[in-house]
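Data first, discussion second: the structure below is written as structure tokens.
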Amino acid sequence: MSAAASDPDDTGSGLRKIIHVDMDAFFASVEQRDEPGLRGLPVAVGGSSGRGVVAAASYEARRFGVRSAMASVRAIRLCPDLVFRKPRFEVYKAVSQQIRAIFLDYTPHVEPLSLDEAYLDVTDDLRGIGSATRIAELIRARIRQTTGLTASAGVSYNKFLAKLASDQNKPDGLCLIRPGEGAAFVQALPVARFHGIGPRGAEKMAGLGIATGADLAAHDLAFLRAHFGSMADYLYRAARGIDLRAVRADRPRKSLGGERTFDRDISSGAALRDALEDIIAIVWERIDKAQARGRTVTLKLKHVDFTLLSRARSAPQAIVTRQEFTRIAHALLDDVLPLAQPVRLMGLTLSALGGEADEPAETPAGAQMPLF
């Protein structure tokens, strides 16, 4: 724990008490739990051949530089002894449900982000414990006892800080950021730690002389808007440890979809249409199973040089049949054919679920799963 066990709301300030719980190397840890011979070994969940991608890596594998979303061939080069296991999403989902049941023993205000992480608002906890730090400790202990897995937790007075804190002492750690400490904590971090800032964003910031939260906080909104557009307001608040978002229980899913990395690059229109049919079949099965209805279909293509191309089209009414979904998907593909270079990955997503307009928002991880 990075601070003494006092609570974000103990001062009577009226601030919220937020916990972010994040399972440690979740998929890989489940595989190591269920197959004891894998414990202590570098393990990756994903496809090991051809264009396979790492979906998750154990901490033993991460020491070699193996990371999620990395091409499997590169992961094997970094760690020749890497052990691959195919993903078992039904098992991960069942464990996730066990964990969520533990959360709900303490608060109804649980906002899952994916199978392995969630925000909890424990300002008024069900058991009258009063201490967010103590609740986080109890939850972590119960997760270990119930599932045999470890979780890390962050405790603070808003979601942004709680999420940063949960990553601070991984694995199997807990970190508290008290009121008054948020800005200093954030400004000491590299900007690459901020949620939503990927490698390219961090590279752009480095070119502007921005390496830390303090560097970011030194710039005003006008500068940030000129260089980062719609992200400017978020960056301005984040650099000061400000986040006004509430924990939203049972938040609606924004999208459903899937993507496939091909064993070989595809360049012909006919082959791409055949591949699209396969993806449509799997994605529509997910849509139908979830009884989801949306208005916007998005096609994503990744070229051999890793550049991305995406096209989206919205229907005036919710799409309720596979035929309509298929028609729009093929129309999107036809719009970009012929392609200037071959494609290594194709993805398809249905969004604006419930018939509402799409809006910029944090998308729950796992809403779009790779098709292994």
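The values are calculated or read from the model by the stated rules, or taken from the named source; none is laboratory data. Nothing here was measured: the structure is a model prediction, and the numbers come from that model. For neighbour counting, all protein chains shown are included, and Cβ atoms are generated from backbone atoms with ideal geometry for every residue, glycine included.
Of the residues making up the range 46-82, those that are in contact with an Asp or Glu (Cβ under 6 Å, 6 or more places away or on another chain) and among the aliphatic types (A, V, I, L, M) number 0.
Of all residues assigned to the range 278-287, at least one qualifies as being basic (Lys, Arg), under 21 Å from the mean Cα position of the chain (by Cα) and under 30 Å from Phe325 (Cα atoms). Scanning the range 309-334 for residues that are under 29 Å from Ala71 (Cα atoms) and either hydrophobic (A, V, I, L, M, F, W, C) or loosely packed, with under 14 Cβ neighbours inside 10 Å (or both) returns Leu309, Ser310, Ala312, Ala329, Leu332, Leu333, Asp334. Of all the listed residues (Lys302, Lys289), the sole one being more than 29 Å from Lys159 (Cβ to Cβ) and in a strand (DSSP E or B) is Lys302. Residue count for the range 27-43 under the criterion of being buried (at least 21 other Cβ atoms within 10 Å of the Cβ) and not in a loop (DSSP other than H, G, I, E, B): the result is 7.
Results for (1) within 28 Å of the chain's Cα centre (by Cα); (2) modelled with pLDDT of 90 or more, shown as yes or no for each residue.
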site: Ser267; (1), (2): no, no
site: Thr321; (1), (2): no, yes
site: Arg327; (1), (2): no, yes
site: Leu332; (1), (2): yes, yes
site: Val336; (1), (2): no, yes
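Quick check: anything in the range 256-267 aliphatic (A, V, I, L, M) and over 24 Å from Gly201 (Cα atoms)?
Initial filter on the range 256-267 (aliphatic (A, V, I, L, M)): 256, 266.
If we keep only those that are over 24 Å from Gly201 (Cα atoms) too, we end up with 256, 266.
Checking the range 256-267: at least one residue is aliphatic (A, V, I, L, M) and over 24 Å from Gly201 (Cα atoms).
Quick check on my filter: what residues within the range 137-163 are among the hydrophobic types (A, V, I, L, M, F, W, C) and farther than 18 Å from Phe26 by Cα?
Scanning the range 137-163 gives Leu138, Val155, Phe160, Leu161, Ala162.
Condition check for Ala239 on (1) farther than 30 Å from Val343 by Cα; (2) touching a strand residue (DSSP E or B) at 6+ places or on another chain (Cβ under 8 Å): one failure, at (2).
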